[in-house]
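To start, the structure itself, in structure tokens.
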Amino acid sequence: MRNPVLRLLGAVTLAAALVAAPTSPALAANPYERGPAPSVSSIEASRGPFAIAQVSVARSSVSGFGGGTIYYPTSTASGTFGAIAVSPGYTASQSSVAWYGPRLASQGFVVMTIDTLSVYDQPDSRGTQLLAALDYLTGSSSVRTRIDATRLGVMGHSMGGGGSLAASRTRPRLQAAIPLTPYHSTKSWSSVTVPTLVIGAENDTVASVTSHAEPFYTSLPGTLDKAYLELNNASHSAPTSTNVTVAKYSISWLKRFIDNDTRYDQFLCPRPSGSAIQEYRDTCPHS
């Protein structure tokens, strides 16, 4: 018969081992979290916690869009990253949205700011080109192994913003969209199921909020995770240069929905306010 003392010691040892065993990271936290816990200062900073690099992509080396620039975290220690394609507006080049590249990539995303096939391309074409850029990023780009192809988003300014709505309608598996002072002749986006942050500008005389950003937001399904941010005393071009308000809420939106990172809910719900914000609407809470 087995010694009862040895049996007791074995049980105690097993119990101690179970207590000491580390919890699986996948069970302990969201596996898509990238970077330290956020703060107001971290999402307002000009750079996030990740060192980044960039690579130019020639128009001649791709199809479906006009080439661009990829910005990406240099370290792979955290695993793969979500990816975002950003389109400029009518008559503009990628230089008008270039500031989003390092700003977002340093927060833990792979970002491609694109040139369009023609600077005169209409919103639906820009939406198709945003999707072509994402397909390039995940399919044949030099950074494809750094990207989680299931976690993708789109952004765009003006007609590029309308393009981001069109891309979301075409590809509902996208995780996030941010139309920036968007322009589109279509006013109803009731079929969109992608979490969408619409950013408008109070003094926009090109794509007025009453004709574009506001009806776009209102037409999105009421059951959708969506938000409308109107920049106070701002013009149509406000999102084309460094803007702390645009950056902090774009980062929060992309982190929340591409990375499923609920640590960023605090910046979105309850609804933010301040002198830089004319109006904010949201379907809070998101969690």
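The values are calculated or read from the model by the stated rules, or taken from the named source; none is laboratory data. Computed from a predicted structure; not experimentally measured. Here the Cβ positions follow ideal geometry from the backbone for every residue, glycine too, while neighbour counts run over all protein chains shown.
Listing for the model above:
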| item | result |
| --- | --- |
| Within the range 31-48, tally of residues that are surrounded by 11 or more Cβ atoms within 10 Å (Cβ to Cβ), hydroxyl-bearing (Ser, Thr, Tyr) and part of a helix (DSSP H, G or I) | 1 |
| Where residue 47 falls short, out of the listed (1) more than 21 Å from residue 251 (Cα to Cα); (2) under 19 Å from the mean Cα position of the chain (by Cα) | (1) |
| Members of the range 56-78 that are touching a strand residue (DSSP E or B) at 6+ places or on another chain (Cβ under 9 Å), surrounded by 13 or more Cβ atoms within 10 Å (Cβ to Cβ) and within 22 Å of residue 145 (Cβ to Cβ) | 57, 62, 65, 67, 68, 69, 70, 71, 72, 73 |
| Single residue of 176, 234 found to be touching a Phe, Trp or Tyr at 6+ places or on another chain (Cβ under 6 Å), among the small types (Gly, Ala, Ser) and modelled with pLDDT of 95 or more | 176 |
| Members of the range 192-210 found to be under 17 Å from residue 89 (Cα atoms) and over 20 Å from the mean Cα position of the chain (by Cα), listed by number | 204, 205, 206, 207, 208, 209 |
| Restricting the range 196-254 to residues that are assigned to a loop (DSSP other than H, G, I, E, B) and small (Gly, Ala, Ser), the residue that is nearest to residue 100 (Cα to Cα) | 241 |
| Yes/no for residue 208 being out of contact with any strand residue (DSSP E or B) (no Cβ under 6 Å at 6 or more places or on another chain) and modelled with pLDDT of 95 or more | yes |
| Selected residue (criterion: farthest from residue 104 (Cα to Cα)) from residues of the range 255-278 that are basic (Lys, Arg) and assigned to a helix (DSSP H, G or I) | 263 |
| Residues satisfying the stated conditions in the range 164-195, i.e. outside any helix (DSSP H, G or I) and of a type in the set (S, T, N, Q) | 175, 181, 185, 186, 188, 190, 191, 193 |
